[in-house]
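Notes to accompany the following structure.
The values are calculated or read from the model by the stated rules, or taken from the named source; none is laboratory data. Every value quoted in this text rests on a predicted model; they were computed, and no experiment measured them. Neighbour counts are summed over all protein chains in view; Cβ atoms, including those assigned to glycine, are modelled from backbone coordinates with ideal geometry. All accessible areas refer to the heavy atoms of the entire protein, side chains included, with ligands and DNA or RNA removed. Shrake-Rupley method; radii C 1.70, N 1.55, O 1.52, S 1.80 Å.
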Protein chains: 2
Amino acid sequence: MALPLCEGMNDSNDSIDRLRLIRTEGVGPLTYRRLIGRFGAVRNAIEALPELARAGGKASPPVLPARRVIEAEMAALARLGGKFIFVDTPGYPEILAELPDAPPALAVLGDAKLLSARAVGIVGARNASANGMRMAEQLAAELAAEGLVVVSGLARGIDAAAHKGALATGRTIAVIAGGIDIPYPPENEKLQAQIAATGAVIAEAPLGTAPMARHFPKRNRNIAGLVLGLVVIEAAQRSGSLLTARLANEAGRELFAVPGSPLDPRCRGSNDLLRQGANLTETAADVLANLPDHPSRQGLARDPLFRHAGSGFAEKPADQFAPVADTEIAEGRRKIPALIGPDPVMVDEIARRCQLSTAAITAVLLELELAGKVETLPGNRVARTASP
Amino acid sequence: MALPLCEGMNDSNDSIDRLRLIRTEGVGPLTYRRLIGRFGAVRNAIEALPELARAGGKASPPVLPARRVIEAEMAALARLGGKFIFVDTPGYPEILAELPDAPPALAVLGDAKLLSARAVGIVGARNASANGMRMAEQLAAELAAEGLVVVSGLARGIDAAAHKGALATGRTIAVIAGGIDIPYPPENEKLQAQIAATGAVIAEAPLGTAPMARHFPKRNRNIAGLVLGLVVIEAAQRSGSLLTARLANEAGRELFAVPGSPLDPRCRGSNDLLRQGANLTETAADVLANLPDHPSRQGLARDPLFRHAGSGFAEKPADQFAPVADTEIAEGRRKIPALIGPDPVMVDEIARRCQLSTAAITAVLLELELAGKVETLPGNRVARTASP
């Protein structure tokens, strides 16, 4: 029997376990939530991991990072004055937790309570015009003065201008792509420190992670997830800001765009958003008048602008983790792998074809995911992985 | 019995009669059409005029301008190489004739056939930005290259730039507020002459009329009436361009607006149009993709953006000029004046209260109008005139 631990240490142990599970290869945000949903305590999930992967067809058990590695990361964050928050635990922003693939853990520097305040995102071009940056700064200042928190990505141009506009009130959150201890871009190092001191800086990547191209989609998803609405100022066609807008839209957030001259290519993407129905925005009043109280409180505020295969909101946790008979799971293990090919297939389609309960299908997919045989894709779809 | 006249002289006499009637005090565009609708030939209408006014309660008969005054005006226009066209006669643009208050006569210099071609209006700020004028010129050139005629108001700034963009193809119409022989504004005198030489210039006001503030609403209504759609570039709030947009919208024309920076007050009105549902326009393709074939061919292309008391399209000429018994007209003369006060009232409301036929009501209202007792207002409403 384990020795009784004081509550603080117990919490700390739980956090270490969570981070170890989150940073296990093959455990993405969706898998993490399914594991916790099925096994309740993170420790139970960790203990079940080898058996689940074996059942899914994996020869060797998944390798969790060593406790001391995680402990060192937590100590480093504590030295910076920050802390981790975990999805589906107190203090994690509810609005972000609505995303099926919400980040399982976030490192936070500064005021973590800001993450649960009513927030608006402002994003746009790195090579923004002077007018665009003035607009971003002005709009951010007005929104912050109205009590809203301004969320952005700390990039050059519009992002930095938006943070600066809200900085005096401290009502701004910088969502960064790399580790929270890595200033990026270099010219915003001072701004990043100022935001950490008066507002909040958050990062999904482990400490020490240098930001790479593959980290930015997650950064964008976190901006979209934290806000009630997203304002786009000067976004060229096929720009990162438009990707953030797409994610925000898919998550049911309200979209806003600032109009600009068609002669400026930096305005083509934002003007396109207007053409597709984003709220035309000239002042904070345009944002305030069209901001929902909370996306989940009134369902989606409106039909998403762009149609997509689906946002994954259709998942029903209650059904997913209902009790399942071993015989049904055994049947699922026999039938389901053959139904999943390299082309993505809807989980609903698998259910229709194998005629098993949602809980049984979820359990078997979890095993296959942990075995690295199957990957979960946006829109509640799955596909066989390229190299099983 | 009158001597037989050659056809040319007959046409000329008919034109003189029309212009005399059109330029009679108390005969506005609506009254003119009702008179022709009721009496068929313009000569019959002129002959009926004194009796109608007397029946309406006017002591002295309406005074028509002298024949020689009209003959001099027609001669002056002929010397410039121009001609008059009359509503509801061949050569008058059908799309303009759809307006209930279409100008009864237009002086035309240049190619009158252009008036019946598919056309788009481009209007905007006089004190336009260099970018705005570049946009107008470019858009006009693209639209003209696609075979459309570009209609504008020959003002400084956006209007002049639009005309210039289409000038090389000759596919442009300048609608002016004063007489067709009066260059205005002075700096566009050369442009006006170029348009008259390669495109067309039209005016509703009599020759020699210096443009005054009160002429511009008619100029704007004529631009709106000639086009399938209207593009607004850089219109400040409460600007004349927005009034033209309102008229175009009420006439069921498609509205387009070019987006611009909210920091530029010249873009506030045009951005407002976008907020209200105008088509966001960056290139000619945006216009072409949303231009109806013909407003009357598919009913109104869409719901008007702004709600208004009504466009007057509800008038039914067939009912209006059906035969009426003298007894019914007598009854109308007794009942109707008491139903019309200084507050505008819908003609439908009068019909409901007096229980007479549309034709009888139309006949009595015509008398009251010609007597100067009643004026017709937009939206099929009438009101007692201030000083009867």
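Things worth noting here:
- Candidates are the residues of the range A:266-280 that are closer than 18 Å to residue A:153 by Cβ and either in contact with an Asp or Glu (Cβ under 7 Å, 6 or more places away or on another chain) or away from every other protein chain (no Cβ under 14 Å) (or both); the one that is surrounded by the most Cβ atoms within 10 Å (Cβ to Cβ) is A:270.
- Of residues in the range A:38-90 being part of a loop (DSSP other than H, G, I, E, B) and of a type in the set (S, T, N, Q), the one nearest to residue A:196 (Cα to Cα): A:89
- Check on residue A:112, free of Cβ contacts under 8 Å to residues at least 24 places away in the same chain and on the phi < 0 side of the Ramachandran plot: no
- Extreme residue, surrounded by the fewest Cβ atoms within 10 Å (Cβ to Cβ), among residues of the range A:329-371 that are within 18 Å of residue A:53 (Cα to Cα) and among the acidic types (Asp, Glu): A:331
- Filtering the range B:132-169 to residues that are open to solvent by 20 Å² or more (accessible area, probe 1.4 Å), within 14 Å of chain A (Cβ to nearest Cβ) and in contact (Cβ under 8 Å) with a residue 40 or more places away in the chain leaves only B:142.
- When restricted to residues that are charged (D, E, K, R) and in contact with a strand residue (DSSP E or B) (Cβ under 8 Å, 6 or more places away or on another chain), the range B:321-345 contains 1.
- For the range A:194-204, the set of residues classified as open to solvent by 10 Å² or more (accessible area, probe 1.4 Å) and within 25 Å of residue A:20 (Cβ to Cβ) consists of A:204 only.
- Single condition residue B:342 does not satisfy, out of (1) over 30 Å from residue B:96 (Cα atoms); (2) at pLDDT 90 or above: (2)
- Remark: residue A:214 matches the filter, which requires a residue to be free of Cβ contacts under 8 Å to residues at least 24 places away in the same chain, more than 14 Å from chain B (Cβ to nearest Cβ) and within 17 Å of residue A:103 (Cβ to Cβ).
- Residue within the range A:3-19 that is outside any helix (DSSP H, G or I), surrounded by fewer than 21 Cβ atoms within 10 Å (Cβ to Cβ), touching a residue at least 12 places away in the same chain (Cβ under 8 Å) and not hydroxyl-bearing (Ser, Thr, Tyr) present: no
- Residue satisfying condition, being of a type in the set (Lys, Arg), over 21 Å from residue B:217 (Cβ atoms) and at pLDDT 95 or above, within set B:113, B:58: B:113
- Residues of the range B:235-265 satisfying the condition of being in contact (Cβ under 8 Å) with a residue 60 or more places away in the chain and within 11 Å of chain A (Cβ to nearest Cβ): B:258, B:260, B:264
- The condition (being under 9 Å from residue B:122 (Cβ atoms) and in contact with a Ser or Thr (Cβ under 7 Å, 6 or more places away or on another chain)) is satisfied by just one residue among B:174, B:166: B:166.
- Just one residue in the set B:385, B:376, B:358 is in contact (Cβ under 8 Å) with a residue 60 or more places away in the chain and β-branched (Val, Ile, Thr); that residue is B:376.
- The conditions of being over 25 Å from the mean Cα position of the chain (by Cα), modelled with pLDDT of 90 or more and within 14 Å of another protein chain (Cβ to nearest Cβ) are not met by residue B:334.
- Yes/no for residue B:191 being touching a residue at least 24 places away in the same chain (Cβ under 8 Å) and surrounded by fewer than 23 Cβ atoms within 10 Å (Cβ to Cβ): yes
- Within the range B:178-187, the set of residues being in contact with a Lys or Arg (Cβ under 8 Å, 6 or more places away or on another chain) and either at positive phi or open to solvent by 10 Å² or more (accessible area, probe 1.4 Å) (or both) comprises just one member, B:187.
- Top-ranked residue of the range A:175-200 - restricted to ones that are touching an Asp or Glu at 6+ places or on another chain (Cβ under 8 Å) and among the small types (Gly, Ala, Ser), ranked as nearest to residue A:215 (Cα to Cα): A:200
- When the range A:307-321 is limited to residues that are loosely packed, with under 14 Cβ neighbours inside 10 Å, part of a loop (DSSP other than H, G, I, E, B) and of a type in the set (A, V, I, L, M, F, W, C), the one that is modelled with the lowest pLDDT turns out to be A:309.
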